[in-house]
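The values are calculated or read from the model by the stated rules, or taken from the named source; none is laboratory data. All values reported here derive from a predicted model rather than from experimental measurement. Glycine also receives a Cβ, built like all others from the backbone with ideal geometry; neighbour counts cover every protein chain displayed. Heavy atoms of the whole protein, side chains included, go into the accessibility calculation; ligands, DNA and RNA do not. Shrake-Rupley method; radii C 1.70, N 1.55, O 1.52, S 1.80 Å.
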Amino acid sequence: MEEEKNLGKPLEERRGKLTVVLMLATLISAFGSSFQYGYNVAVINSPSLFIQQFYNTTYVERYGRPMEDSFLTLLWSLSVSMYPLGGLFGSLMVAPLVNKLGRKGTLLFNNIFSVVPAVMMGVSEIAKSYEIIIVARVIVGICAGLSSNVVPMYLGELSPKNLRGAIGVVPQLFITIGILSAQVLGIRSILGNNTGWPLMLGLTGIPALVELLLLPFFPESPRYMLIQKGDDKTARRALQRLRGSEDVDREMDEMRLEHQSEQAEGRLSVLNLLSLRSLRWQLISIVAMNMGQQLSGINAIYYYADSIYSSAGVKESNIQYVTVGTGAVNVFMTITAVFIVEAAGRRLLLLIGFGICCVSCALLTVALTFQESTEWMPYVSIACVIVYVVGHAVGPSTIPYVVTTEMFRQSSRPAAFMVAGSIHWLSNFTVGLVFPFMESGLGSYSFIIFCFICLATLFYIWLVVPETKNKTFLEISQMFAHRNQVDIQVGNAPLKPETGDGREDDAFKVTAF
């Protein structure tokens, strides 16, 4: 009775604060895992010429003749494409690992897939084996596939609802910092040279070691401990540490209520998730957003950037510095997203971000078409690339991870991240595989396709995706219940957003859409 009374009180809720424990857990997990994802995306690009020379030299030493260009191209394509393929494998491992080992436990276990390939890539030149690099790229891709899904899940479950968006953007911030770090280290005068590239590839193991040493001192997800393990005491202690307060009763009650509403469902597999009517539109939404994120052209923009800078008159030796500048813009705008996501909301940032990307792709198509005939047009191309990066950093790059955490409750969240991650990495792999053919066949008109994908994703978000900021996971489930045409159950009774006297209960106040 006391629990029901407290849940029905129209009192102002205590806003969660950023405690030292929460801040350090966020920074350590994001640096130890998300940073590596970004670092390994970019680390192989700058020293690519020298790595390919190593491939050829090794081949000559083995067989006494130079490697054929077609075989070198094949090996290099494998070196690049094995990373997203490993990411797909990692995504498929998310649900079983987070359910068995927990969120923090999975992050610690995941460091095996970083330290081992770091050593492999670091000694590849000494071992005179290019096969080691290709295998290591698969393994470090598994690390990225796991970390890109588990870190947002872990931090989303640690965070109070009023900080969940800002903290949920931090993993993407560290991904962009990882990309920028690889770009800086890849400058010819630092490590992007004939002697420095093995060290550059091997440095990915350092964040993993930092996480292995420090993350064990921080709590496991309280939601995992209470809802999935049934350990009320450990969940309470973890929540008290994270909130810096002994008074966590209201949040514990909210978790128990979520647990009651899920008891009939049990732990969901991917097959259950695909067939469950109550999660239909949440599932469609994360598929649409993750496909939109990767198929919107961000990887193609980076792929095309060097040729755009070159055609604008940037010297070949200076393109690396312009690329670093673009990476710095990406980091700055992601930092901006951390500070504005709670004020602006998730939905608005997604709409603005995809809108900017759509317009940038359209203008870039025009600029690339006329840049040979118009003297100042190449500078418009550079501006379009930078504006596109700004738009993607504000919304499409950052928000889908946050929203995936928020749209699903404890029983369905691991399977949801498994689906979202698989779509993310399959789309990433597809762009990497298809874009060179698009570029050769369509040229500058390739970006019209990305323009339409951005527009389609924008319309989907506008029509379907609700605002989730400052809502509990249970409230968000209620927001989708109307569209899914189901009732949210607590035990055997439907959960209504009203109290017994007909008044709307503040604890379950939702926004219709």
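Mind checking the log10 I(q)/I(0) for the stretch 286-388 at q = 0.14, 0.16, 0.17, 0.23 Å⁻¹? Debye, one equal scatterer per Cα, no solvent, two decimals.
For the stretch 286-388, the Cα-only Debye profile gives -0.61, -0.77, -0.86, -1.29.
Pairs of lysine in the stretch 18-265 with Cα under 20 Å and at least 8 positions apart or on different chains: total? If you can, show how the numbers build up before the last one.
Values: K100/K229; K100/K233; K104/K161; K104/K229; K104/K233.
Step by step, the pairs that qualify in the stretch 18-265 add up to 5.
Which number do you get for Rg(Cα) / (2.2 N^0.38 Å) in the stretch 325-451?
Details: Rg = 16.9 Å, N = 127, 2.2 N^0.38 = 13.9 Å.
Working it through for the stretch 325-451, the quotient is 1.22.
For the stretch 1-152, what does the relative contact order come out to in percent, with C-alpha contacts under 8 Å and a separation of six or more?
Numbers: 136 pairs, mean separation 51.6, N = 152.
RCO, the stretch 1-152: 34 percent.
Between F459 and K17, what is 0.36 nm times their sequence separation minus the Cα-Cα distance? Round to one decimal in nm.
Numbers: separation 442, 0.36 × 442 = 159.12 nm, distance 3.47 nm.
Length gained, F459 through K17: 155.7 nm.
Would you be so kind as to identify which of F459, T472, M377 lies farthest towards the positive end of the dipole of the stretch 268-490, taking Lys and Arg as +1 and Asp and Glu as -1 on Cβ and the Cα centre as origin?
After comparing all options, I get T472.
Evaluate Rg over Rh across the stretch 208-346, taking Cα atoms for both radii and Kirkwood's formula for Rh.
Values: Rg = 22.7 Å, Rh = 20.2 Å.
Looking at the stretch 208-346, the ratio lands at 1.12.
Hey, got a sec? Which trypsin sites (Lys or Arg not before Pro) in the stretch 37-131 land in a DSSP loop and have at most 11 other Cβ atoms within 10 Å? Working shown, then result.
Numbers: sites: R62, K100, R103, K104, K128; in loops: K128.
Counting only loop positions with at most 11 other Cβ atoms within 10 Å, none of the trypsin sites (Lys or Arg not before Pro) in the stretch 37-131 qualifies.
Work out how much length Q485 to E68 would gain on full extension: take 0.36 nm times their residue separation and subtract the Cα-Cα distance, in nm to one decimal.
On the way: separation 417, 0.36 × 417 = 150.12 nm, distance 6.04 nm.
So the chain would gain 144.1 nm between Q485 and E68.
What are the extents of the Cα atoms of the chain along their three principal axes, in Å, largest first?
Largest first, the chain extends 82, 50, 39 Å along its Cα principal axes.
Under Stokes-Einstein, with the Kirkwood radius over Cα pairs standing in for Rh, what whole-number D in µm²/s applies to the stretch 16-156 at 4 °C and 1.567 mPa s?
79 µm²/s
Could you give the length gained on full extension between D231 and Y445, defined as 0.36 nm per residue of separation minus the Cα-Cα distance, in nm?
Working: separation 214, 0.36 × 214 = 77.04 nm, distance 5.66 nm.
Extending this stretch completely gives an extra 71.4 nm.
Compare W76, W462, W197 by solvent-accessible area with a 1.4 Å probe and give them largest first, with all protein chains kept in place. Write out the running numbers ahead of the final one.
Working: W76 40, W462 140, W197 0 Å².
Putting W76, W462, W197 in descending order of accessible area: W462, W76, W197.
As a test of the formula, what do you get for the chain when each DSSP H run with n ≥ 4 contributes -39,500 (n - 2.57) and the sum is divided by the residue count, at 222 nm and rounded to the nearest 500 deg cm²/dmol?
Working: 25 runs with 364 residues, N = 513.
Taken over the chain, the calculation gives -23000 deg cm²/dmol.
Once you have the Kirkwood Rh of the stretch 268-490 from its Cα pairs, apply Stokes-Einstein at 4 °C and 1.567 mPa s and quote D in µm²/s.
Numbers: Rh = 18.5 Å.
Using the Kirkwood radius from Cα pairs, D works out to 70 µm²/s.
Could you tell me the ratio Rg/Rh of the stretch 18-265? Both radii from Cα atoms, Rh via Kirkwood. Walk me through the numbers before you get to the answer.
Numbers: Rg = 20.9 Å, Rh = 19.3 Å.
Here Rg/Rh amounts to 1.08.
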